[in-house]
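Some notes on the structure that comes next.
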Amino acid sequence: MKKLIALALGTAVLLSGCGGSADSDAAEKYGSATLKLYNWGEYVGENLISDFEQEFGVKVIMEYFDSNEMMYTKLQAGDAYDVLIPSDYMIERLISEDMLQTLDLSNIPNISNLAEGVKQLPYDPDNTYSVPYFWGNVGIVYNHNNVDPADVEKQGYNLLLDTDYKGKLYVYDSERDSFMMALKALGYSMNTQSESEIEEAYNWLLQMNDTMDPAYVTDEVIDGMINGNKDIAVVYSGDATTILAENEDMSFFLPAEGTNLWSDAMVVPANAENPLLAHEFINYVLTHDASYDNSETVGYSSSNQEVLDEMSGADGIYAQNEAYLPRTEYAKDEVFEDNPVLKQKLAELWIKVKASH
Amino acid sequence: MKQYRTMALPYIVWMAGMIVAPMLLIVLYAFTDKGNDVATIRFSLENFARFFSDQVFMSVLKRSLFIAVITTAICILCGYPIAYVIANRSEKSKLFWILLITLPTWINMLVRTYAWMGILQDEGIINHLLSLVGLGPITMIHTSFAVVLGMVYNFIPFMILQIYTSLTKMDKSYLEAASDLGANRIQSFLRVTLPLSIPGVISGITLVFLPAVSSFFIPKLLGGGQYVLIGNVIETEFLTSGDWNFGSAISLVMAIIILFSMYLTKKADTDPAANGKENA
């Protein structure tokens, strides 16, 4: 036993010794050899971090959040990170509150790899503050053995009010996504500020809650649908990609009423301690290999055009997967705008929907 | 005596900084309206009005109290016999059983709750075993059953330990006296042991009821998103809507309910214990 401990200690010393020499080079170049990354859980390629660490002789500390709001709360409390990966509307808010640094695009030459679908996004058209990481839509995954595809196409989101499928659906537990679906089903903009439209959407959701017995879930939806526990789920296209890849009974549909065209992008907060290394990391993520690794592991759509084409192309790993390539240039699809007042209202209405039974 | 008082000073500073100050902040948030900064504070009762006038929040509050009462009751009903049996075993065996009872609490509560998710799921261990004998599947996850089970499982060690302690502290000569005076075992249990162990039950109730009424991750994980208790509402107000004022108001209402129930149990504690001593 003692020998084993000695061996372990020896290895540890050896390893830290190795790291030490690389660290000092990197520390000289970037000011510090540590990158603090704040990311969603299960949202990075399996080798990306270790490859980046090895190539640049640095250490990456990754922490996870499970909602944009949680990230925002921590950031506001003064926690310092070098790179964050929030969503569109949250980036809009961070920009408006001066919480981000402008990016020096000359240090991010790989920005030229960006996919067409994530260029000139409304919240940051010139990539002044952000560089897209993953993107996609929100759509309906359904089991085509138990749900008539004609019903899905005809009803769109109103499928979720069709009592033939009572007790068979998963709904994503987030006020933004649930109200998006209700507002779109009613033919309204998901960025509406009209009280009466929101009221109608609230009633739509109440009706769903009361008549359909839905299960409100977050990431459990992926395993649930892979195991075929339910027949219908409203999910992010990236999760749909994973579900479709694992269960061939499942199909994906983007309702004609329109959907949310979302993107998550890398940003550098104003209080970042190592902005130089942050730029290096952002540039690295845009390389072909890193982006391929990301998209292969996580299943979300790459922000690198070459990778996107390769994966969805005839020989690609997602060639037959209708969820992988996001729908673009569709007039009824929208990007979320930041509106804290509306958001707060929806959050409260959503918990009331869930609590009312 | 005086020099000891100065030794308590660090503790008082700690209490002021870590307990009193956050509580005061919650009170301040609860009684002010949105968009305050330090410069402009506007007091208002709007947060409370909003909470109490809303049918949905009231039913959530009722459901939370109901679940907490059920959990506490089950903890007493199951915990008391367990504590009684353990307290009457030999010294060595007592230690072993108490170790077994406390063992799960060495592991993080969140991890243990995730484990229950795996056990109760539709394709979990129980349903897998049932399918082997051709039964099921039974839906257990995302039901009240799962939530109460998760709470009882997590909180029952507190109840058992409290009752066990009061039972072992009890002077055994009372029981001898009772049997000398002709009481049978049931009578001496009901008139000696039970009243003397009530303080343990009372502190057990406090330790189980408090976390049960405010728990938010057990209903979230085992009850699913559709199982909303008051803790989940508070969590949403702080983390998702970012309405700290309203969240603080609800927290304050809960704190008052809890204080009041502690006062009630404390009162119940002093009465029967005194009676018990008279009877003994």
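Any read-out appearing in this document is the output of simple, stated calculations on the displayed coordinates, not a laboratory observation. Note that the structure is predicted; figures quoted are calculated from it, not measured. Virtual Cβ from ideal backbone geometry, glycine too; neighbours counted across all protein chains shown.
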- For chain A, find the longest principal axis of its Cα atoms and tell me its angle to the long axis of helix A:2-30, 0 to 90°, nearest 10. 90 degrees
- Item | Cα-centred dipole magnitude for the range B:162-267, charges only on beta-carbon of K, R (+1) and D, E (-1), debye, nearest 20 | 340 debye
- Cα extents of chain A along the principal axes, largest first, in whole Å, come to 65, 47, 44
- Past the 19 Å Cα-Cα mark, which pairs from A:184/A:343; A:230/B:62; B:62/B:266; A:345/B:34; A:184/A:332? A:230/B:62; B:62/B:266
- Summing -39500 (n - 2.57) over every DSSP H run of at least 4 in chain B, dividing by its residue total and rounding to the nearest 500, the 222 nm mean residue ellipticity is -23000 deg cm²/dmol
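For a footprinting-style exposure proxy, rank B:234, B:256, B:163, A:222 by other Cβ within 10 Å, fewest first. The partial results should precede the final answer.
Working: B:234 20, B:256 10, B:163 28, A:222 23.
Neighbour counts put them in this order, fewest first: B:256, B:234, A:222, B:163.
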- Message: Residue by residue through A:208-220, how many Cβ atoms from other chains fall within 10 Å of the Cβ on average?
- Response: 2
- Ranking A:327, A:176 by Cβ neighbours within 10 Å, fewest first, what do you get? A:327, A:176
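Output the antiparallel fraction of DSSP beta bridges having both residues in the protein assembly as shown, as a percent to the nearest 5. Could you put the intermediate results ahead of the total?
Numbers: 22 of 37 bridges.
Antiparallel bridges: around 60 percent, rounded to the nearest 5.
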- Would you work out the relative contact order for the range B:56-279, in percent, from Cα pairs under 8 angstrom that are 6 or more residues apart? 26 percent
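Let's see if you can work this out: charge +1 on each Lys and Arg Cβ, -1 on each Asp and Glu Cβ, no other charges. What is the dipole magnitude of chain B about its Cα centre, in debye to the nearest 20? Before the final figure, lay out each step's value.
Working: 19 positive and 16 negative charges, 140 e Å.
Here chain B has a charge dipole of around 680 debye.
Averaging sequence separations of C-alpha pairs under 8 Å and six or more residues apart, then dividing by the length of chain A, give the relative contact order as a whole percent. Show your work: numbers first, answer last.
Values: 599 pairs, mean separation 96.6, N = 357.
The normalised contact order for chain A reaches 27 percent.
Within the range B:67-111, list the trypsin sites (Lys or Arg not before Pro) lying in a DSSP loop whose Cβ has at most 13 other Cβ atoms in a 10 Å radius.
On the way: sites: B:89, B:92, B:94; in loops: B:89.
Of the trypsin sites (Lys or Arg not before Pro), the ones in loops of the range B:67-111 whose Cβ has at most 13 other Cβ atoms within 10 Å are B:89.
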- Note on the structure: Proxy exposure order for B:165, A:259, B:193 (fewest C-beta within 10 Å first) is B:165, B:193, A:259
- Query: With the dipole of the range B:1-110 worked out from charges on the C-beta (+1 for Lys and Arg, -1 for Asp and Glu) around the Cα centre, which of B:48, B:11, B:30 lies farthest toward the positive end?
  - Reply: B:11
- Note on the structure: Tilt, helix A:195-212 to longest principal axis of chain A (alpha-carbon atoms), in degrees rounded to tens, equals 80 degrees
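Under 1.5 on a/c is rounded, so check that first for chain B, then, if it is not, pick prolate when a/b is larger than b/c and oblate when it is not; a ≥ b ≥ c are the square roots of the alpha carbon gyration tensor eigenvalues.
Values: a/c = 2.07, a/b = 1.25, b/c = 1.66.
Oblate.
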- Treating only Lys and Arg (+1) and Asp and Glu (-1) as charged, each at its beta carbon, one finds that the protein assembly as shown has a dipole about its Cα centre, in Debye to the nearest 20, of 4780 debye
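From the mean inverse distance of alpha carbon pairs (Kirkwood) and the Cα radius of gyration, derive Rg over Rh for the protein assembly as shown. Could you put the intermediate results ahead of the total?
Working: Rg = 29.0 Å, Rh = 28.3 Å.
My calculation puts Rg/Rh at 1.02.
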- Task: Could you work out how far the C-alpha centroid of the range A:292-353 sits from that of the range B:92-107, in angstrom?
- Result: 50 Å
